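Structure record follows, encoded as structure tokens.
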Amino acid sequence: MATLTVPHSIPSPQEDCEQLHKAFEGWGTNENLIISILAHRNAAQRKAIRQAYQATYGKDLLESLLHEAHGDFEKLVLLWTLEPSERDALLANEAATKWHAANRVLIEIACARSSEELFIVRRAYHTQFKRSLEEDVAAHTKGDFRKLLVPLVSAYRYEGAEVNMHLAKSEAKLLHDKISDKAYSDEEVIRVLTTRSKPQLLATFNQYKNEFGNAINKDLKSDPKDDFLAALRAVVRLICSPEKYLEKVVRLSLNKMGTDETALTRTVATRAEVDLKVIKEVYQSRNSVPLEKAVKQDTHRHYEDLLLALLGCEEN
Amino acid sequence: MATEEQLALTKALSGDGGLGVEESTLVSIIGKWRKKPEHVSSFRKNFNRLFSHAGHIEKCEDDHVQKLVIEFSRFHQITVLWAMHPHERDARWANQVTHKNHPASILVEVACTRSAEDLLGVRRAYQTLYHHSLEEDVAYQIKDSKSKLLVGLVSAYRYEGQKVDNDVAKSESKSIHNAIKSAGANKISENDEVVRILTTRSKLHLKSIFKYYKEQYGKYLEEDLSSDPLAQQIVLCLDSPATYFSQVINSAFKEGATHAETEGLSRVMVSRSDIDIEEIKEAYAKLYGAKLADVIGKTTRGYFRDSLLSLAGEAKA
């Protein structure tokens with residue numbers, strides 16, 4: 001469930017864009033005004049505001065935000081203002097072109113979107129970057145990671161609920177055999193994880209646990225330092241429960257010495273209209289403290305204010 | 001000795017090796033020979049492929065009957081295919097590759113010659129029809145050394161804009177050349193870099209690579225891939241679909257064409273009629289020195305022939 005709160009009656013996009021323009025005027029920037037508008041508009045409304053802004057002032061709202069906002073607040077408000085597909089395309093492009101083995105953003109995007117959503121991201125990627133997503137992922141990765149990531153971002157998984165239990169059993173055994181042989185990047189492992197539908201995979205993981213006693217991720221933890229195994233575990237966890245996976249991303253981002261703003265920004269911006277409410281609930285039950293409280297402790301000023309607004313906090 | 005009518009009837013029943021049946025001739029002779037069973041009997045004695053002497057009758061040869069079923073159904077098949085949504089057509093052809101052992105070349109054809117949006121449409125249609133994703137079935141059913149390449153091809157959503165990085169194209173041409181030299185040409189489709197380039201780069205970028213390849217090495221890439229037919233087909237489909245389709249069409253006309261090859265004729269004519277049939281006709285004329293319409297007229301019969309000519313934008317024979 002989303003955390004984004006939009007008032008019942010909102011000003012027209014024209015009025016909103018004029019207010020935003022006022023927020024940029026003069027010395028300094030009125031970040032509170034920006035937050036009061038943008039943090040309370042959904043994707044369609046933000047798009048309308050951007051179009052009105054372009055038509056009225058002859059430039060992209062994002063350009064003004066780039067000039068007038070700073071630091072983590074700037075990064076969050078830019079990411080937030082984008083349409084979901086453009087946002088994912090931007091995140092994917094960063095992740096692909098600056099890829100390193102511990103980066104799992106591509107896996108997040110590939111596995112925590114519906115099949116149609118992922119295709120819309122791929123379309124937005126063409127428009128923004130004049131190349132295909134899989135092209136960039138393939139060109140910037142190699143070996144086992146390329147074998148895993150290219151099919152993952154190219155997948156168009158079947159979304160029906162049907163499950164073939166016979167297949168689930170045989171593929172659970174297949175996975176178990178390969179994992180026991182430490183053949184983690186075997187073509188068959190990749191095939192099952194990157195092409196089967198999510199319900200089919202859930203059935204397969206359940207069969208795995210039933211037949212072999214351990215959850216598949218336990219068996220994939222034989223070397224906690226191995227990045228490829230971590231990537232495989234991420235795939236499994238994202239397919240089973242994106243909310244639980246993302247709660248951990250958020251929890252780790254707030255736990256580190258200093259805060260990992262990149263991960264926090266990305267998660268809040270991409271999930272505020274999707275399931276941030278559920279992520280909050282998981283956070284609360286896992287940490288015995290509301291996410292808002294942790295955010296208040298670890299972040300500051302306008303970045304904190306925007307985060308809290310997107311988390312659905314009432315204005316004070 | 002066979003009469004003129006008998007010869008016409010033999011031809012009409014595809015006895016001369018042509019494709020399809022001449023429906024109008026059949027109907028007319030049935031009318032002419034009414035109450036003249038001796039004509040039909042004489043025909044049976046002379047048409048050795050379909051009838052053979054057995055006791056007091058000329059019995060029907062089952063395998064030629066089977067062949068006739070196919071010849072009669074060519075028009076039926078092409079009509080049903082024509083009426084179908086293009087994405088359903090392609091999805092069904094793909095499923096025949098994954099589940100009915102049809103040649104993988106058909107999958108390559110669909111994956112490489114359709115636009116990015118059409119290929120997405122095919123993937124959607126495939127899910128609707130078969131309750132699995134296309135890449136799922138290709139990966140699961142085709143478990144050989146080529147499957148990486150095939151899965152990559154059907155999963156592609158290639159950029160279709162104008163932008164090409166020529167420096168990258170030049171260097172990728174070199175990579176492909178190196179891969180051919182080191183891998184040995186028949187294993188080229190298992191080389192990671194070749195797979196990456198062929199399954200992810202845009203068509204315009206690939207055409208640029210092919211152009212640099214010729215400049216750098218003096219030969220067309222297709223020539224250097226002659227010992228890996230799959231890779232060769234991919235390059236041809238991506239570089240010049242019209243040439244590829246002409247070749248498919250032409251193999252249907254040759255003597256001793258297999259069933260799969262003759263089906264290729266219907267498949268290409270139906271799937272390209274609205275897209276690039278004009279370019280195909282041009283390419284065909286260049287390659288084989290004959291007009292496609294003329295060859296169709298000589299080698300096919302009846303409604304099947306007429307539908308092919310219509311699909312080719314030609315007047316009836």
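The values are calculated or read from the model by the stated rules, or taken from the named source; none is laboratory data. None of these values were measured; they are calculated from a predicted model. Positions of Cβ are generated from backbone atoms using ideal geometry, with glycine treated the same way; all protein chains shown enter the neighbour counts. Please note that ligands, DNA and RNA were not included when accessible areas were found on the heavy atoms of the full protein model with its side chains. Shrake-Rupley method; radii C 1.70, N 1.55, O 1.52, S 1.80 Å.
Odds and ends about this structure:
- Along the range B:120-127 the Karplus relation, 6.51 cos²θ - 1.76 cosθ + 1.60 evaluated at θ = phi - 60°, assigns HN-Hα couplings of 4, x, 5, 5, 5, 4, 4, 5 Hz to successive residues, with x for each Gly and Pro.
- Pairwise burial A:B, computed as accessible area of each alone minus the pair, summed, 1.4 Å, Å²: 2600
- Just checking the listed ones, B:A83, B:A285, B:A156: in the Gaussian network model of chain B with Cα springs under 10 Å, the one fluctuating most is B:A83.
- If you model chain B as an ellipsoid using its alpha carbon gyration tensor, with each semi-axis the square root of five times an eigenvalue, the axes come out at 44, 20, 19 Å, biggest first.
- Charged neighbours of B:A231, selected by a Cβ distance under 15 Å, balance to -4 (K, R count +1; D, E count -1).
- What separates the Cα centres of the range A:251-316 and the range B:122-166 is a distance of 38 Å.
- Listed residue pairs exceeding 30 Å between alpha carbons, taken from A:K130/A:K178; B:K143/B:K281; A:K75/A:K209; A:K98/B:K203; A:K198/B:K187; A:K130/B:K181: A:K130/A:K178; B:K143/B:K281; A:K75/A:K209; A:K198/B:K187; A:K130/B:K181
- Ranked packing of B:106-115, B:48-57, most packed first, by mean Cβ within 10 Å: B:106-115, B:48-57
- Loop-located GluC sites (Glu not before Pro) in the range A:164-265, at most 11 other Cβ atoms within 10 Å (DSSP): none
- Rg/Rh, computed from the Cα trace of chain A with Rh as the Kirkwood radius, has the value 1.00.
- Applying the criteria of a DSSP loop state and at most 14 other Cβ atoms within 10 Å to the GluC sites (Glu not before Pro) of the range A:18-88 yields A:E25.
- Of the residues B:M84, B:M269, the one with the largest accessible area comes first in the ranking B:M84, B:M269, computed with a 1.4 Å probe on protein heavy atoms.
- Look at the stretch B:74-81: the mean tally of other chain Cβ atoms within 10 Å of its residues' Cβ atoms is 0.
- FRET efficiency estimate (nearest 0.05) - Cβ-Cβ, B:Q162 to B:C60, R0 60 angstrom: 0.50
- Over the residues of the protein assembly as shown, the helix contribution to mean residue ellipticity at 222 nm works out to -21500 deg cm²/dmol, using -39500 (n - 2.57) for each DSSP H run of at least 4.
- Charged-residue dipole, Cβ positions (Lys, Arg, Asp, Glu), the range B:241-302 about Cα centre, Debye nearest 20: 200
- In Hz, Karplus ³J(HN,Hα) per residue of the range A:49-65 (6.51, -1.76, 1.60; θ = phi - 60°; x = Gly, Pro): 5, 4, 5, 5, 4, 4, 5, 7, 10, x, 8, 6, 3, 4, 4, 5, 4
- Take each residue in B:194-201, count the other chain C-beta atoms within 10 Å of its C-beta, and the mean is 5.
- What separates the Cα centres of the range A:178-243 and the range B:243-291 is a distance of 46 Å.
- Among residues other than B:F75 with Cβ under 13 Å from its Cβ, the summed charge is -1 (Lys and Arg +1, Asp and Glu -1).
- A 1.4 Å probe, protein heavy atoms only, puts the accessible area of B:K100 near 130 Å².
- Only the Cβ atoms of Lys and Arg (+1) and of Asp and Glu (-1) were treated as charged; on that basis the dipole of the range B:205-317 about its Cα centre amounts to roughly 280 debye.
- Euclidean distance between Cα centres, the range A:1-43 to the range B:64-93, Å: 59
- Atom-type composition of the exposed protein surface of the protein assembly as shown places 53 percent of the accessible area on carbon and sulfur (1.4 angstrom probe).
- Degrees between helix A:115-129 axis and first principal axis of chain A (Cα, 0 to 90, nearest 10): 60
- Summing charges over neighbours of B:Y130, with a neighbour being any other residue whose Cβ is under 13 Å away from its Cβ, gives -2 when K and R count +1 and D and E count -1.
- Along principal axes, Cα extents of the range A:169-240, largest first, whole Å: 29, 22, 21
- Phi-based couplings in Hz for the range A:167-179 (Karplus 6.51, -1.76, 1.60; Gly and Pro marked x): 5, 4, 5, 5, 6, 5, 5, 4, 4, 4, 4, 5, 5
- Low-density loop positions, GluC sites (Glu not before Pro), the range B:112-195 - DSSP coil, at most 16 other Cβ in 10 Å: B:E160
- Residues of type lysines that B:K59 reaches as a straight line, Cα spacing below 27 Å, ignoring anything fewer than 8 places off in the same chain: B:K11, B:K32, B:K35, B:K36, B:K45, B:K67
- Residues whose amide H comes within less than 5 Å of that of B:S14, counting only those at least five positions distant or on another chain, are B:E22 (H built at 1.01 Å from N in the peptide plane).
- Principal axis extents of the C-alpha atoms in the protein assembly as shown (largest first, rounded to whole Å): 105, 62, 55.
- Among A:S180, A:F145, A:N164 - extreme Cα towards positive end, dipole of the range A:108-198, charges at beta-carbon: A:F145
- For chain B, the cysteines with no partner cysteine C-beta closer than 4.7 Å are B:C60.
- Scaled against the 2.2 N^0.38 Å expected of a compact globular protein of N residues, the Cα radius of gyration of the range B:86-157 reads 0.94.
- Dimensionless Rg/Rh of the range A:1-56 - Kirkwood Rh, Rg from C-alpha atoms: 0.98
- Placed amide H near A:S132: partners under 5 Å, 5+ positions off or other chain: B:Y159
- Rg over Rh for the range B:166-239 works out to 0.90, using Cα positions for both radii and the Kirkwood form for Rh.
- For B:L19, the residues whose amide H sits under 5 Å from its own are B:T300, B:R301, ignoring neighbours fewer than 5 places away on the same chain, with H placed 1.01 Å from N.
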